[in-house]
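Worksheet: one structure, shown below.
Read-outs: derived from the displayed coordinates by stated rules, not from any lab. The shown structure was predicted, so the numbers you read here are calculated from the model rather than taken from an experiment. Cβ coordinates were reconstructed from backbone atoms using ideal geometry, including for glycine residues, and neighbour counts include every protein chain displayed.
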């Protein structure tokens, strides 16, 4: 199954929430009425697109359709909507992917799928021919390093871990030293899940980032925030708070296949400076996909057949 088909399948519930009750709005040659715009607004909010993103999308749709009418051009409403979604999501070039070792710092709250995201990234990098080191900086949860160890063994990659209760920043420092001494190409640093409202834990996260930067100038090259799409607007709140605490380079949006709230991707794009880099559309090791705004917009607005 190709990327588009996987994303389309994963967004099925969100698409149902978005279009289930407004199909008539997209009928060919149908001219939108104020009531239609109100129905579209309700549908977008129901899919957790959020007020700000909804306003931007609908304003753009109105502008596109008005301009097309003046030019006597036929622009289907669905095409206008798809174009506005794609424009809102935008595109951003990835950070320095050529750096070696290339260090990715993974952050987020508990239960978002951080560990499985790390496993999927590790597998992807390993299959691309890179050597990979996982650094287990979650030293507070007894099972955290054990779980990461299992994934490392399954993926055939190396892991650096220390005893429970060790200083996470010290573990990160040792991880950078090992990566440099062994010529590792990809380093993925796990961190303890932390609530975005806990200032002391966010300060610790910033310390880990500073230690990595001192040990390896230019690192971390990526800092990815893992968000659970099923939490909807709460995921947006997390993104805003983490963005204040550490310089994020991207978001990983997981569990898109299990929610009707996938519109939160649009809310994040409208409210933050952080682009979406990856989306999770299933539990399989190949179900973490590089984010593509055009494919996401097309999948979200695709027909149900």
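Of all the helices (runs of 4 or more DSSP H) wholly in the stretch 5-116, which have at least 1 residues that are out of contact with any helix residue (DSSP H, G or I) (no Cβ under 9 Å at 6 or more places or on another chain) and surrounded by fewer than 19 Cβ atoms within 10 Å (Cβ to Cβ)?
Values: elements: 12-19, 34-46, 51-70, 77-89.
Of the helices (runs of 4 or more DSSP H) lying wholly inside the stretch 5-116, those with at least 1 residues that are out of contact with any helix residue (DSSP H, G or I) (no Cβ under 9 Å at 6 or more places or on another chain) and surrounded by fewer than 19 Cβ atoms within 10 Å (Cβ to Cβ) span 12-19, 34-46, 51-70.
Would it be correct to say that residue 153 is touching a helix residue (DSSP H, G or I) at 6+ places or on another chain (Cβ under 8 Å) and not in a loop (DSSP other than H, G, I, E, B)? Even if it seems obvious, please write down each step before you answer.
Values: touching a helix residue (DSSP H, G or I) at 6+ places or on another chain (Cβ under 8 Å): no; not in a loop (DSSP other than H, G, I, E, B): yes.
Answer is no for this residue.
Out of everything in the stretch 175-216 that is surrounded by 14 or more Cβ atoms within 10 Å (Cβ to Cβ) and free of Cβ contacts under 8 Å to residues at least 24 places away in the same chain, what residue ends up being nearest to residue 248 (Cα to Cα)?
213
Looking only at residues in the stretch 156-174 that are in contact with a helix residue (DSSP H, G or I) (Cβ under 6 Å, 6 or more places away or on another chain) and under 18 Å from residue 103 (Cα atoms), which one is surrounded by the most Cβ atoms within 10 Å (Cβ to Cβ)?
Per the stated criteria, the residue is 172.
Go through the stretch 177-196 and count every residue that is within 25 Å of the chain's Cα centre (by Cα) and not in a loop (DSSP other than H, G, I, E, B). Steps first, please.
Of the stretch 177-196, the ones within 25 Å of the chain's Cα centre (by Cα) are 185-196.
Filter once more, keeping what is not in a loop (DSSP other than H, G, I, E, B): 186-190.
Total satisfying the criteria: 5.
Residue by residue, here is whether (1) under 21 Å from the mean Cα position of the chain (by Cα); (2) without any contact (Cβ under 8 Å) to a residue 12 or more places away in the chain holds:
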residue	(1), (2)
102	yes, no
105	yes, no
113	yes, no
121	yes, no
127	no, yes
134	yes, no
139	no, no
148	yes, no
156	no, no
